[in-house]
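**Student:** Below you will find the structure I want to go over with you.
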Amino acid sequence: MKRLLIPTLLLSSAALAQPPADRTAFASAADVNAQVEAMRKAMKPDQGFMWKPLVRDGEVVAALEYWKKPARPAVHPDQAEYVTVIAGSGTMVSGGRLVDPVTSNPTLVEGSRIEGGTTRTLKPGDVFLVPAGTPHWFGIAGDRLVLLGTKIPQSSR
């Protein structure tokens, strides 16, 4: 009887040693392209911006941003943003000082312009990181600028 008990215990402990489930969120290139096309079709003629979550893990969200018109310069006080340009082209002004800041919500402060920022040209494949608290603004060249932006919450400083 003891001999049968030992193998049973070994099998039970082996069953408990399973690797944890894979929590990876994934979107294929086809998924990204389909979402970009769906966003293009869904935008109204006078609409300048659309945001659509693609993958997420709690508060960390990677979302597509489809820009047809520039918005106001902005700061995300407690969120860094890691960005890849997916399609289109434009410019980014970052750094410097946000002029006439107005808090729109806890994660967004908007202003009238940026003084003393750095201007960069954006094209597909470009990657950048906007640290939390850094003013930034996007200009659109042509008909669109499509970004994959991941907001990364920062602990209080």
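Here, each number is a calculation from the coordinates, and none is a lab measurement. Keep in mind the model is a prediction, meaning the values are calculated, not measured. Positions of Cβ are generated from backbone atoms using ideal geometry, with glycine treated the same way; all protein chains shown enter the neighbour counts.
**Student:** I need the P(r) histogram for the chain: all alpha carbon pairs, bin width 10 Å from 0 out to the longest distance, whole percents.
**Tutor:** The calculated distribution, bin by bin, is 10, 32, 29, 10, 6, 6, 5, 2, 0.
**Student:** While we're here: Of the lysine pairs in the chain, how many meet both conditions: Cα atoms under 29 Å apart, and a spacing of 8 or more in sequence or different chains?
**Tutor:** Summing the qualifying lysine pairs gives 19.
**Student:** Would you mind ranking Tyr82, Tyr66 so that the residue whose beta carbon has the fewest other beta carbons within 10 Å leads the list?
**Tutor:** Tyr82, Tyr66
**Student:** Considering amide H positions built from the backbone, and no H for Pro or chain starts, which residues 5 or more places from Gly139, or on another chain, come under 5 Å of its amide H?
**Tutor:** Thr91, Met92, Val93
**Student:** Another question about this same structure. Multiplying the sequence separation of Met43 and Ala80 by 0.36 nm and subtracting their Cα-Cα distance, what value in nm do you get?
**Tutor:** 10.6 nm
**Student:** In whole Hz and in residue order, list the ³J(HN,Hα) couplings for the range 57-74 that follow from phi through the Karplus curve 6.51 cos²θ - 1.76 cosθ + 1.60, θ = phi - 60°; x for Gly and Pro.
**Tutor:** Per residue, the Karplus-derived 3J(HN,Hα) values read 9, x, 7, 8, 10, 9, 10, 7, 10, 10, 10, 10, 9, x, 9, 6, x, 9 Hz.
**Student:** Let's see if you can work this out: charge +1 on each Lys and Arg Cβ, -1 on each Asp and Glu Cβ, no other charges. What is the dipole magnitude of the range 14-157 about its Cα centre, in debye to the nearest 20?
**Tutor:** It works out to roughly 300 debye.
**Student:** Say R0 is 22 Å: what FRET efficiency, to the nearest 0.05, do Asp143 and Arg56 get from their beta-carbon distance?
**Tutor:** With a Förster radius of 22 Å, E is 0.20.
**Student:** Let me ask you something else. Enumerate the residues in the range 36-57 having an amide nitrogen under 11 Å from the point lying 7 Å beyond the Cα of Ala71 toward its Cβ.
**Tutor:** The answer is 48-52, whose backbone nitrogens lie closer than 11 Å to the label point.
**Student:** Okay, next question. Report the residue, chosen from Arg23, Arg56, Arg144, that carries the largest GNM mean-square fluctuation when the chain is represented by alpha-carbon nodes joined by springs under 10 Å.
**Tutor:** Checking each option, the largest mean-square fluctuation is seen for Arg23.
**Student:** Oh, and also: Scan around Arg113 for amide H atoms under 5 Å from its own, H built in the peptide plane at 1.01 Å from N, and keep only partners 5 or more places away or cross-chain.
**Tutor:** Close amide H contacts, sequence-distant or interchain: Val99.
**Student:** Right, here's the next one. Please turn the phi angles of the range 139-149 into ³J(HN,Hα) values with the Karplus equation 6.51 cos²θ - 1.76 cosθ + 1.60 (θ = phi - 60°), one per residue in order, whole Hz, x for glycine and proline.
**Tutor:** Working through the residues one at a time gives x, 10, 9, x, 8, 6, 9, 10, 10, 10, x Hz.
**Student:** Have a look at Gly117, Ala71, Ala21 and report the one farthest towards the positive end of the charge dipole of the chain, computed about the Cα centre with Cβ charges (Lys/Arg +1, Asp/Glu -1).
**Tutor:** Ala21
**Student:** Pick from Ala87, Ala21, Ala42: which residue has the top mean-square fluctuation in a GNM of the chain where Cα pairs under 10 Å get a spring?
**Tutor:** It is Ala21.
**Student:** Sort 88-95, 45-52 by packing, meaning the average of other beta carbons within 10 Å per residue, with the highest value first.
**Tutor:** So the peptides 88-95, 45-52, ranked by packing, come out 88-95, 45-52.
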